[in-house]
Amino acid sequence: MDFPRPLHDLPRMLFSVTFIALMTIGCFWVVQPFILGFSWASMVVIATWPLLIKVQHLLWGRRSLAVVVMTLLLLLLFVLPVSILVSSIVDNSAPLVAWATQPDRLTLPALAWLQNVPMVGRKLYSACQSLISGGSAPLMSKIQPYIGKAASWLLGQVANLGSLLLHCALMILFSVFLYLRGERVGMTVRHFAIRLGAERGDASVLLAAQAIRAVALGVLLTAIVQSVLGGIGLAITGIPLPSVLTVTMFVLCIAQLGPLPVLIPAMIWLYWSGDTTWGTVLLVWSCVVATLDNILRPIFIHMGADLPMLLVLCGVLGGLLAFGMIGLFIGPVVLAVSWRLIFAWMQEAPPPEKIDNPEKQLKELH
């Protein structure tokens, strides 16, 4: 006797969904160490793909030669600066530890110029003199409780830099693969998006690529230009730790704060130490570097980098807290892609002034 088959085999559906979920979790568990590196490589390749095509045309249409050139450029732009930063921190950590453990080696300046400051100058000078007369031991006794916390924080940042170097290596490796097979990978992604959302899915992929390129042009490229030029000025004028300060300027430029929070204290330090010539040179150079933002950004906005500053700032800070140093690149891109997709989805609806009877339509929706 044949029994009728149920229209919906519930156990079969449950086992199928469970199997798919387990396979998805297993795949995610396996590729988890490579997700950040691959995501970073995808963003870099999407942003620099037009440059790869131009280099390929210049090298007689040879993709392999173009990939070699692009790989060398990525090494110069990402791996080399991070390596210099790590080595600079390691080389300059010994004097900092010696200064913290031996407070007698600390010499405080006389600060006689404080007397010329109007209104509060004499009070500040007398307070500084009372501090200097007691030597550096009272000062160190006040700040020594915070040295341990600062040292642990510094070690944590060095560990983050080591992780950043690892992700940089993975990014270079995946970028080489994506440069070689970029067209095939792009078509695979677009086919998958079409299977998910038909024409709207394909349009979402194209919008995501435009948002990634916009962040790379409007935010990262401007920050790289300003921080590199500012670091050159710091190195020429003799400011200590120029590599560390350059990375700090890069972070501040991505956060839309500019390089002046680093350059202004450097100028004050030069004038304070009596080196007025180099202080004036750094002052002029800082004015040039700070105004580059107003020149470069309109050009990059015309190329597609029209993103809200608050969006970029939240992406930088949130990415830094969530992913570490690599979040400086991933955070703004994720928010920019989401912003572009949501904005495109909102534009599909008619504007409010074109709706004939909004109250009637609201009643129909409810």
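Apply the Karplus parameterisation 6.51 cos²θ - 1.76 cosθ + 1.60, with θ equal to phi minus 60°, to every residue of the stretch 163-168 and state each ³J(HN,Hα) to the nearest whole Hz, in sequence, with x for glycine and proline.
With coefficients 6.51, -1.76 and 1.60, one gets 5, 5, 5, 4, 5, 5 Hz.
Could you calculate the FRET efficiency of L321 with D9 from 1/(1 + (r/R0)^6), where r is the beta carbon distance between them and R0 is 45 Å, rounded to 0.05?
Step by step, r from the Cβ atoms, then E = 0.45.
From the phi of every residue in the stretch 226-237, what ³J(HN,Hα) in whole Hz does the Karplus formula 6.51 cos²θ - 1.76 cosθ + 1.60 yield, where θ is phi - 60° and glycine or proline is x?
Per-residue couplings from phi come out as 5, 5, 5, 5, x, x, 4, x, 5, 5, 5, 7 Hz.
I need the phi-derived Karplus couplings for the stretch 274-280: 6.51 cos²θ - 1.76 cosθ + 1.60, θ = phi - 60°, integer Hz, Gly and Pro marked x.
Using θ = phi - 60°, the values come out as x, 8, 6, 5, 5, x, 5 Hz.
What per residue convex hull volume, in Å³, comes out for the stretch 182-283 when only alpha-carbon positions are used? Before the final figure, lay out each step's value.
Values: hull volume 10.6 nm³, N = 102.
Looking at the stretch 182-283, the number lands at 104 Å³ per residue.
Tally Lys/Arg at +1 and Asp/Glu at -1 over every other residue whose Cβ is under 12 Å from the Cβ of M70; what's the total?
After counting each charged neighbour, the total is +2.
Which distance in nm do the two modelled labels at V17 and V31 give, with both placed 7 Å along the Cα-to-Cβ direction?
2.4 nm
Values quoted throughout were computed directly from the atomic coordinates according to the rules given, and no laboratory measurement underlies them. Please read all numbers here as calculations on a predicted model, not as lab measurements. A quick note on method: Cβ atoms are made from the backbone with ideal geometry, for glycine too, and the neighbour counts reach across all protein chains shown.
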